[in-house]
1. Of the residues in region 313-347, how many are among the hydrophobic types (A, V, I, L, M, F, W, C), over 19 Å from ILE361 (Cα atoms) and touching a residue at least 60 places away in the same chain (Cβ under 8 Å)?
2. Which fully enclosed strands (runs of 3 or more DSSP E) of region 237-315 have 1 or more residues being open to solvent by less than 30 Å² (accessible area, probe 1.4 Å)?
3. Could you check region 187-203 and list, in sequence order, the residues that are exposed (fewer than 15 other Cβ atoms within 10 Å of the Cβ) and within 16 Å of ALA162 (Cβ to Cβ)?
4. Considering only region 75-101, state which residues are out of contact with any Pro (no Cβ under 7 Å at 6 or more places or on another chain), buried (at least 20 other Cβ atoms within 10 Å of the Cβ) and not in a helix (DSSP H, G or I).
5. Using the structure shown, decide if ALA206 is under 30 Å from PRO291 (Cα atoms), open to solvent by less than 10 Å² (accessible area, probe 1.4 Å), out of contact with any His (no Cβ under 8 Å at 6 or more places or on another chain) and touching a residue at least 60 places away in the same chain (Cβ under 8 Å).
6. Quick test of your reading of the structure: GLY136 fulfils all but one of (1) part of a loop (DSSP other than H, G, I, E, B); (2) crowded, with 19+ Cβ neighbours inside 10 Å. Name the failing condition by number.
7. Quick check, is LEU360 modelled with pLDDT of 95 or more, over 29 Å from GLY133 (Cα atoms) and open to solvent by less than 10 Å² (accessible area, probe 1.4 Å)?
8. Which one of these does GLU3 not meet: (1) touching a residue at least 24 places away in the same chain (Cβ under 8 Å); (2) outside any helix (DSSP H, G or I)?
Amino acid sequence: MAEKEIKLMKGNEVIAHAAIRYGCDAYFGYPITPQSEVMETLMELKPWETTGMVVLQAESEISSINMVYGGAATGKRVMTSSSSPGISLMAEGLSYIAGAELPCLIVNCQRGGPGLGTIQPSQGDYFQACKGGGHGDYRLIVLAPASVQEMHDFVALGFDLAFKYRNPAMILADGAIGQMMEKVVLAPQRPRKTNEEIAAECRDWATYGKPADRPRNVVTSLELQSEAMEKINLRLQAKYKAMEENEVRYEALACDDADYVIVAFGSSARICSATVEMARAEGIRLGMLRPITLYPFPTRPIAELAARVKGFLSVELNAGQMVEDVRLAVNGAVPVEHYGRQGGMIYSPDEVLAVLKEKLIKA
């Protein structure tokens, strides 16, 4: 049995290592705090000398997402990373990529907003990631890591899901997860797929060159006939429904006997896991449900908990975004409250516990 390769590194750094080790073909990006280490690490590692991976700094986020569009159209494993304002600039391209049904990976290391905001951690991009961001009825697969190890692991998972559904996938991290250092187990190096393997895998849609035995593949999100465009949209909705049936991922902590449940994702979930321990020490039966996929959202598990608990507290580093999906899942069965900090401020576990007591237990 091979010895595990374990290193201490930042969440942003490990994204670069995981991409190379997955066999990623190309990274197109533009530096922006607090995720600039992704590109810096790739430049330092020089994967073009080892695996042949392309690493290119574009002149803007708009350029980089359209480079991703072009690379994804050929069936290659391509990705980008940015932070909140940069993702906003990519929104049109993301809508195009979703409409063209192309697989790719996007990493958003969120910072405070709106506007340029601050470079500190935030979770204010939940709506942008899960409810569109760009135009039209489209969805991204959205993964929310809560550790440096998950930053690493979700690169492979994101690419795998993107290709399974021919849909862009996003790792929705934040400045805390991106900048913190933790021990991480690195995956072994995979070879990049050959052009022949890509041609076999992506034969029906990718623009890798037209062989004699099939019609040409055209990659576009444009359809001028309304009837045809509706059929495309209905096909997309059927795909999203399949995601909701098959790809929901979450973690339940101490929920089996819970009277109250915190719903939190990413760095907030790390904080709230300590809140659960503190509450239990006081005799309060508190649990936590951590969505790992923000889309598809764990609606059914939350609805099942709503049938037997007394209330939910959605804890997020924003003014109240995921709480809307929690309320939809609970459907009025029990109270659902929200607690958040904004502008890069982060709550403490005891602060969350005090809010839980005030809003749910003493209410």
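1. Taking region 313-347 first, the residues among the hydrophobic types (A, V, I, L, M, F, W, C) are 313, 315, 317, 319, 322-323, 326, 328-330, 333-334, 336, 345-346.
Filter once more, so that each one left must be over 19 Å from ILE361 (Cα atoms): 317, 319, 322, 328-329, 345-346.
With touching a residue at least 60 places away in the same chain (Cβ under 8 Å) added as a condition, the list becomes 317, 319, 322, 345-346.
So the count comes out to 5.
2. The strands (runs of 3 or more DSSP E) meeting that bar are 260-263, 286-291, 293-295.
3. Here is the first cut: in region 187-203, the residues exposed (fewer than 15 other Cβ atoms within 10 Å of the Cβ) are 188-191, 194-197, 200-201, 203.
Passing the criteria: ARG190, GLU201.
4. GLY75, LYS76, ARG77, VAL78, MET79, THR80, SER81, SER82 - these are the residues of region 75-101 that are out of contact with any Pro (no Cβ under 7 Å at 6 or more places or on another chain), buried (at least 20 other Cβ atoms within 10 Å of the Cβ) and not in a helix (DSSP H, G or I).
5. On the way: under 30 Å from PRO291 (Cα atoms): no; open to solvent by less than 10 Å² (accessible area, probe 1.4 Å): yes; out of contact with any His (no Cβ under 8 Å at 6 or more places or on another chain): yes; touching a residue at least 60 places away in the same chain (Cβ under 8 Å): yes.
For ALA206, the condition - under 30 Å from PRO291 (Cα atoms), open to solvent by less than 10 Å² (accessible area, probe 1.4 Å), out of contact with any His (no Cβ under 8 Å at 6 or more places or on another chain) and touching a residue at least 60 places away in the same chain (Cβ under 8 Å) - is not met.
6. (2)
7. no
8. Only one criterion in (1) touching a residue at least 24 places away in the same chain (Cβ under 8 Å); (2) outside any helix (DSSP H, G or I) is unmet by GLU3, namely (1).
The values are calculated or read from the model by the stated rules, or taken from the named source; none is laboratory data. All values reported here derive from a predicted model rather than from experimental measurement. Cβ atoms come from the backbone with ideal geometry, glycine included; neighbour counts cover every protein chain shown. SASA here: full protein model, heavy atoms, side chains in, ligands and nucleic acids out. Shrake-Rupley method; radii C 1.70, N 1.55, O 1.52, S 1.80 Å.
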